[in-house]
Amino acid sequence: MNILEGKIVSIKKVDEFVSLNIEVKDKIFSAVVLDSDSLSWMQTGQSANIIFKEMEVMIATPSSRVSARNAFVSKIKEIEMGELFANVVFDFDGEEISSVITKQSCEELGCREGSEFIWFVKSNEVTIQKGGKSGR
């Protein structure tokens with residue numbers, strides 16, 4: 001599981017949805033979640049964690065264009081190659097972001113440790129948690 005600590009910079013409620021922008025390491029992450037009573041703690045300036053699964057992190061070459069709002073260029077720190085899948089670990093300003101992709105995709109993209117790629121996650125695949133990494 002990928003967990004990044006940030007601060008809520010904007011909140012917009014429309015019908016049953018809440019759109020959030022969260023600043024992490026001087027970069028803005030977007031999240032779209034269903035409105036519920038459990039979100040009552042959310043307010044601008046509140047510390048919040050963003051959480052997303054490794055299987056939800058997609059990657060692309062730096063020259064690619066993607067529609068995802070959460071798209072960041074980072075260097076590959078490590079690649080763990082299995083028989084079917086590859087775990088590609090990015091250095092996101094000192095934080096590790098893991099992406100699990102197929103081994104075939106990893107090879108076809110030419111992923112190598114130290115090379116730059118775009119990693120991205122759709123805003124509706126991000127979970128928000130109050131506070132620091134422990135959620136307290």
Restricting the search to segment 1-23, which residues are surrounded by 11 or more Cβ atoms within 10 Å (Cβ to Cβ), in contact (Cβ under 8 Å) with a residue 40 or more places away in the chain and not polar (S, T, N, Q)? Ile3, Leu4, Glu5, Gly6, Lys7, Ile8, Leu20, Ile22
Return the only residue of Gly110, Gly114, Gly82, Gly94 being out of contact with any Phe, Trp or Tyr (no Cβ under 9 Å at 6 or more places or on another chain) and under 20 Å from Leu4 (Cα atoms). Gly94
Members of segment 101-111 that are in a loop (DSSP other than H, G, I, E, B) and in contact with a strand residue (DSSP E or B) (Cβ under 7 Å, 6 or more places away or on another chain): Cys111
What tally of residues in segment 65-91 results from selecting those that are among the hydroxyl-bearing types (Ser, Thr, Tyr) and surrounded by fewer than 17 Cβ atoms within 10 Å (Cβ to Cβ)? 1
Do any residues in segment 121-136 that are assigned to a strand (DSSP E or B) have Cβ atoms under 8 Å from those of residues that are of a type in the set (Gly, Ala, Ser) and modelled with pLDDT of 90 or more, where the two are at least six apart or on different chains, and which pairs are they? Ile128/Ala48; Gln129/Ala48; Lys130/Ser47; Lys130/Ala48
Candidate set from segment 38-57 (those that are of a type outside the set (Asp, Glu), surrounded by 13 or more Cβ atoms within 10 Å (Cβ to Cβ) and farther than 21 Å from Asp26 by Cα); member that is farthest from the chain's Cα centre (by Cα): Leu39
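The values are calculated or read from the model by the stated rules, or taken from the named source; none is laboratory data. Not measured: the values here are computed from a predicted model. For neighbour counting, all protein chains shown are included, and Cβ atoms are generated from backbone atoms with ideal geometry for every residue, glycine included.
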